1. Please go through region B:263-292 and give me each residue that is among the polar types (S, T, N, Q) and in contact with a strand residue (DSSP E or B) (Cβ under 9 Å, 6 or more places away or on another chain), ordered by number.
2. With (1) assigned to a loop (DSSP other than H, G, I, E, B); (2) at the interface with another protein chain (Cβ under 9 Å from one of its Cβ atoms); (3) touching a residue at least 40 places away in the same chain (Cβ under 8 Å) as the list, and B:PRO108 as the residue in question, which single condition is left unmet?
3. Could you identify the single residue in B:SER225, B:SER205 that is under 30 Å from B:ALA275 (Cβ atoms), among the small types (Gly, Ala, Ser) and over 16 Å from the mean Cα position of the chain (by Cα)?
4. Looking at this structure, is B:GLY388 touching a helix residue (DSSP H, G or I) at 6+ places or on another chain (Cβ under 8 Å) and at positive phi?
5. Look through B:ASN316, B:ASN240 and report the one residue that is touching a residue at least 12 places away in the same chain (Cβ under 8 Å), within 14 Å of chain A (Cβ to nearest Cβ) and open to solvent by 10 Å² or more (accessible area, probe 1.4 Å).
6. With the checklist (1) buried (at least 24 other Cβ atoms within 10 Å of the Cβ); (2) at the interface with chain A (Cβ under 9 Å from one of its Cβ atoms) in hand, flag the one item B:THR271 doesn't pass.
7. Inside region B:479-503, can you point out the residues that are open to solvent by 60 Å² or more (accessible area, probe 1.4 Å) and of a type outside the set (D, E, K, R)?
8. Would you check if B:PHE411 is facing chain A (nearest Cβ under 7 Å), crowded, with 21+ Cβ neighbours inside 10 Å and either of a type in the set (Phe, Trp, Tyr) or under 27 Å from B:ASN40 (Cα atoms) (or both)?
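The values are calculated or read from the model by the stated rules, or taken from the named source; none is laboratory data. Note that the coordinates shown come from a computational prediction; the quantities given were computed from them, not determined experimentally. Because the Cβ atoms are built from the backbone with ideal geometry, glycine has one as well, and the counts that use them run over all protein chains shown. What goes into the accessible areas is simple: the full protein's heavy atoms, side chains included, and nothing from ligands, DNA or RNA. Shrake-Rupley method; radii C 1.70, N 1.55, O 1.52, S 1.80 Å.
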Protein chains: 2
Amino acid sequence: MTDAADLTAPRRRRTGGRAGHSARAGHEVIDQMPWRVPLNTDRPTEPLPPEGVQAIHDGAMRVLSEIGIEFLNDEALGHLRDAGCKIEGQTARFDRQFVEEMVAKAPPSFTLTPRNLARQITIGEGHIVFGNVSSPPNAWDLVRGKRPGDMETYREFIKLTQYFNCMHFAGGYPVEPIDVHASVRHLDCLYDKLTLTDKVVHAYSLGPERVEDVMEMVRIAGGLSHAEFDATPRMYTNINSVSPLKHDWPMLDGAMRLARRGQPVVVTPFTLAGAMAPVTLSGAVMLSVAEALAAIALLQWIAPGCPVAIGTFTSNVDMKSGAPAFGTPEYIRATQMTGQMARFYRLPLRSSGVCAANVPDAQAMWETMNSLWAAVQSGTNMVYHAAGWLEGGLIASPEKFVMDCEVLQQFQRYFEPQILGTSEVDLAIDTIAEVGPGGHFFGCQHTQDRYQDAFYGPFLSDWRNYEAWQLAGSVGTTERAHGIYKRIIAEFEPPPMDAGTQDELTDFVARRKREGGAPTDF
Amino acid sequence: MTDAADLTAPRRRRTGGRAGHSARAGHEVIDQMPWRVPLNTDRPTEPLPPEGVQAIHDGAMRVLSEIGIEFLNDEALGHLRDAGCKIEGQTARFDRQFVEEMVAKAPPSFTLTPRNLARQITIGEGHIVFGNVSSPPNAWDLVRGKRPGDMETYREFIKLTQYFNCMHFAGGYPVEPIDVHASVRHLDCLYDKLTLTDKVVHAYSLGPERVEDVMEMVRIAGGLSHAEFDATPRMYTNINSVSPLKHDWPMLDGAMRLARRGQPVVVTPFTLAGAMAPVTLSGAVMLSVAEALAAIALLQWIAPGCPVAIGTFTSNVDMKSGAPAFGTPEYIRATQMTGQMARFYRLPLRSSGVCAANVPDAQAMWETMNSLWAAVQSGTNMVYHAAGWLEGGLIASPEKFVMDCEVLQQFQRYFEPQILGTSEVDLAIDTIAEVGPGGHFFGCQHTQDRYQDAFYGPFLSDWRNYEAWQLAGSVGTTERAHGIYKRIIAEFEPPPMDAGTQDELTDFVARRKREGGAPTDF
């Protein structure tokens, strides 16, 4: 813990149109890249041969037909019974052909349209989009250390999510604000999310009231009629199975509610190899695929063609302690393997930017880089937890958030096609002749014409030499990230929302609070 | 700077055959993976279409035929004149067909055999091998900070290079020992390298005496006759061009000396886009390829079929300061593009594990991970500077060395084929049926039979939760790495060498010192 007060003084970077950076840098805390939705043009890394993909598919079909999946939701079981599945108690067994037929109904991509139409994102079609860390109960920062999440901290992360152009969507709560009662938490959280950001938001599938409230609030924030809301994806939910082999009531309920209104559902089993899944990677991936397809088949039966995505959260435990590990070699391979399965089923893929490290240090970044490269290599379309994640998801950290956004910008730059040009002008043979042996290219016209946009310009990396860095106070990466975080929060301006819409949202929240919000179990 | 004395107490990890780890862990500082030479089975990432590859090749041929390359070495110019190249002053212009014909004579792979035959490595054929940081003038560690390199520090890095099984070769001097006079430095350095390690070593091409001394010392250390030495690759050199468009005298001299004796030459231009090369990536890659092929054509003319590799060190500068940057998006793409060119020419590829960061923190690791993933994605066969590099190559750091070895082990594990199995037993459908909905896999036989080797076990990553980590003193990654480094040095045992060989080496060094060593220019 250091006193970071001295790090928070405004220290704007000089403006100048470097590498496609914002022209508005003059009044920005940092000179960040403009909004863009990167297209992943890399051929995916495919560790499995075609027979391996087929073996996992066949295995998943056997799990679904021979073992079956528990659906702790009578409505879901009723639908599956209608569809011809074998229901025994709460276990549904699926005919292979039924699953294949239902999964084939899912669209290979879908477009999410938030209240700001300029922040529309397509999930699929080769795109890769990034969202903030979701659901940690705790926060950590350099000054305050680890502490339980609260509403003020929640708002800070929401502001970071809005501020960074490389954040394409606002996932779940970036930290759980436990100082707000669970019955009304979703109302306050969504109010803040919908007013402090203009990006795609998410609803937790934690009970019908919460899901309906969030859908209604997204509709109001977008200034939409009910028909307009239902006509196209405006938001989404993510559901997890209770691995192994089980789907819980509220998750299924929320998923069905969204599917019926044309809103996307991401189905993400959490199959930790060696704990909730077989210790063998292909077994864990197969179980994850089976659980995901079970829910997707249900949703396609209820609402044929509804937008869905398959999520992967397959990793391994530390066999010494049972603790989950992330960004490991096994995690990378499982993610790549799931990518192959997603393409086999023609479904969009969700994975994550994750690590096991407790603080935003070197380990945090090598683990996070492994998980982000796995996202790229697997053809992931939607990267959850891409900024701010620590301690296996138990901590959200603003310094980590800022570091991750630095790295995400680099991935965005990596995917810019113009850096791959091989035209006569790109090859610059005349310039090489002009410069000649032993000369340098700094001053020549070919360089002068291009240098401002030629290379990625970081906002957090320090590329000065050691002595210059030392003279400037030897400020480490975490400290620099802390300073940037504080300045962003200090200078944050919410995106515009018209007063009528804001009033309608305020009134809705007030009314629902008067009605008691959502029921709680405790 | 912290006092790390308390970090250096022996704290051995418990033994146990986790994930292919050394069974000798009981008397090892850490439980590291055994020696293995990974096979990169991933399909390379190829950002250029075939026309792009052809455009760079055509461009390189135009540079060689129209502009030409300066060879500051009359012997080399004589050979090229004999070969039919157009020589004007010190510039050689190459006929395209001649270059293509010469390059085609180079073998697609070669095997290096050091004095310990078990440490043989093949460069090419899909292998990826790792070597230590080479040539920084300075060292940095957590206790002593930045300081000029000296012999004691040099020895520490050589010990780390020997200790870690994921270090496949001992590259250049991991730090320049400036306390030893340059005339005899190579004698002391190679003596230490050849006695403290039993891995493949390297000779700097910095004058005929040095090169000849090193070849002779490698011959003696291997207990080889001159004929045995010449019969197969025992060591190698790496030469850099003076970009743009120039090859220097000592580099060419050393390269020709090794080539004539069948010892491999890696040719690595250092084309920093925007400084010594065009600001456009394809231009910088094309210039690098042209410079490399010029030297390779010369060597193949002199010694047809001699082992060579093409190196890439194309990165970009920071256009604000002119400082070199590493592990950037442009660096990754340039490395991948050069990989495509290396496959086009059927030459082994060398790249690097590099960063611009000044200290081993989060930035150091995201930059290093980018460069290591670029090595994997480009199909790199030989990764220079894979452990210990900081400050764009101006600093060698033992903590960074330890961190990098943790990460390199993870890459090795990533390439183990057994984690990709999809047999009936791997899929574990019966086990899933046995465990059933909501159960867990910790206790079942399928897990018990496999858990010891199922997952990679790190020696540096801390996967405990925050509270356990905090109770243990909140020791950060850099501090943990420092402790491991100190314990490795404290307990280091050199590999065996028979007394006769060691005496012969000692005598050789003594004699050459009496003769004055190598001439120096200063």
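1. Once the filter is applied, which keeps residues that are among the polar types (S, T, N, Q) and in contact with a strand residue (DSSP E or B) (Cβ under 9 Å, 6 or more places away or on another chain), region B:263-292 yields B:GLN263, B:THR268, B:THR271, B:THR280, B:SER288.
2. (2)
3. B:SER205
4. Considered against the rule, which asks whether it is touching a helix residue (DSSP H, G or I) at 6+ places or on another chain (Cβ under 8 Å) and at positive phi, B:GLY388 comes out as yes.
5. Unique residue meeting the criteria: B:ASN240.
6. Single failed check for B:THR271: (2).
7. B:ALA490, B:PRO494, B:PRO496, B:ALA499, B:GLN502
8. Criteria not met by B:PHE411.
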